[in-house]
Amino acid sequence: MHQNEQASKVFYRPIEAAIRWAGLLRYEHVVLAAISSSRHLPQSLDCPRWDEVRLYTDRIYDGILNGELPFGKNGITINDTKLIDSPELTVRHVDLKRWMHEHYPGQRPGFLFSRSERIAHPFITVETGQAMLVERMALKSALQQCKRQLLELQERHDALLKQSTAIPACAQCPISDRAEATYLNIIGGMLDLMLGQSPSGTPYSCFKTQEAVVSTLIAHHGGVMGITERTLNGKFAIARRRLHSAAN
């Protein structure tokens, strides 16, 4: 039998439910032996995450006192206020699950919810949602920057093509070392970005390998000078080495 199934019961005393809510069923016998009342728990106890157990117990009593959570005795719903301080006060499994689903939707402890229920209805906290939004904005900004750099490279490429057409002897006028270093750094940065991924593991582009980039470039611009497998692989290797060397 699965551990969660062993933890589940038809009804619970508040402290029993709180212990299971905190995932501390293995300490149940220690807790029950050390307390005299579920309503008035000691401030400290030799039990991990005791503050959580106290908090969850208070939440259950809060639900009872505010009429949100039906209660009774020995699993029989009575809603008799005389039972509030009684050690015989109990809440039914079905009522506790319904109450938790409505008032604490981010909580899905295993003793109340099956594994399939926890997987089928994942809960995203406000903090997680905000982090995802920040990451999405960062990815969007990186993509826009990538597009701008790509457009700039395309414009420079087109300008060089026009220059090479107008001045056939341009090969005799090599670019400066500074300009070459700049181009190689840009190419290396673009390549690293295209093949990289965000801190959460989301790829920045659809390209997974350098070979895929090379193949796509050849497929779209194979007739252009320099767009060959050998030249591209060579230039890419030099660009990435130079970029990493500059970063270090």
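Values quoted throughout were computed directly from the atomic coordinates according to the rules given, and no laboratory measurement underlies them. The structure presented is a predicted model; accordingly, all values stated were derived computationally and were not measured. Here the Cβ positions follow ideal geometry from the backbone for every residue, glycine too, while neighbour counts run over all protein chains shown.
Taking R0 as 35 Å, what's the FRET efficiency between Ser116 and Glu211 from their Cβ-Cβ distance, rounded to 0.05?
0.25
Report the FRET efficiency, 1/(1 + (r/R0)^6), for Gln197 and His93, where r is their Cβ-Cβ distance and R0 is 51 Å, rounded to 0.05.
0.70
When we measure straight from the Cα of Lys82, which lysines land under 21 angstrom away, once same-chain ones fewer than 8 places off are left out?
Lys73
Does the range 3-120 come out rounded, prolate or oblate, given a ≥ b ≥ c as the square roots of the eigenvalues of its C-alpha gyration tensor, rounded meaning a/c under 1.5 and, failing that, prolate meaning a/b above b/c?
oblate
Excluding residues fewer than 8 places away in the same chain, name every one of the lysines whose C-alpha is closer than 22 Å to that of Lys140.
Lys208
What dipole magnitude, in Debye to the nearest 20, does the range 15-55 give about its Cα centre under +1 on Lys/Arg Cβ and -1 on Asp/Glu Cβ?
Roughly 60 debye, rounded to the nearest 20.
List the residues, sorted by chain then number, that are 5 or more residues from Gln197 or on another chain and whose placed amide H is less than 5 Å from its amide H.
For Gln197, the qualifying residues are Tyr204.
Give me a comma-separated list of calculated 3J(HN,Hα) values for the range 72-88, in order, Karplus coefficients 6.51, -1.76, 1.60 applied at θ = phi - 60°, integers in Hz, x for any Gly or Pro.
x, 9, 6, x, 9, 5, 10, 6, 8, 4, 5, 7, 3, 9, 7, x, 8
Over the chain, what lengths in whole Å, largest first, do the semi-axes of the equivalent ellipsoid take, defined as the square roots of 5 times the eigenvalues of the alpha-carbon gyration tensor?
They are 69, 17, 15 Å, listed largest first.
What's the local net charge at Ser37, with K and R +1, D and E -1, over the other residues with C-beta under 11 Å away?
Every neighbour counted, the sum reads +1.
Hey, what D do you get for the range 126-247 in µm²/s if you plug the Kirkwood alpha-carbon radius into Stokes-Einstein at 25 °C and 0.890 mPa s?
150 µm²/s
Could you tell me the calculated FRET efficiency between Lys147 and Ser245, based on Cβ-Cβ distance and R0 = 41 angstrom, to the nearest 0.05?
0.95
Report the local net charge at Glu16: Lys and Arg +1, Asp and Glu -1, summed over other residues whose C-beta lies under 10 Å from its C-beta.
+2
What is the dipole size for the chain, taken about its Cα centre, with +1 at each Lys and Arg Cβ and -1 at each Asp and Glu Cβ, in debye to the nearest 20?
Dipole about the Cα centre, nearest 20: 540 debye.
If you take the square roots of the eigenvalues of the alpha-carbon gyration tensor of the range 181-248 and sort them as a ≥ b ≥ c, do you get rounded (a/c under 1.5), prolate (a/b over b/c) or oblate?
Oblate shape, in that a/c is at least 1.5 and b/c is the bigger or equal ratio.
Based on DSSP H assignment, which helices of the chain show an axial Cα extent of at least 20 Å together with a mean Kyte-Doolittle hydropathy greater than or equal to 0.5?
177-195
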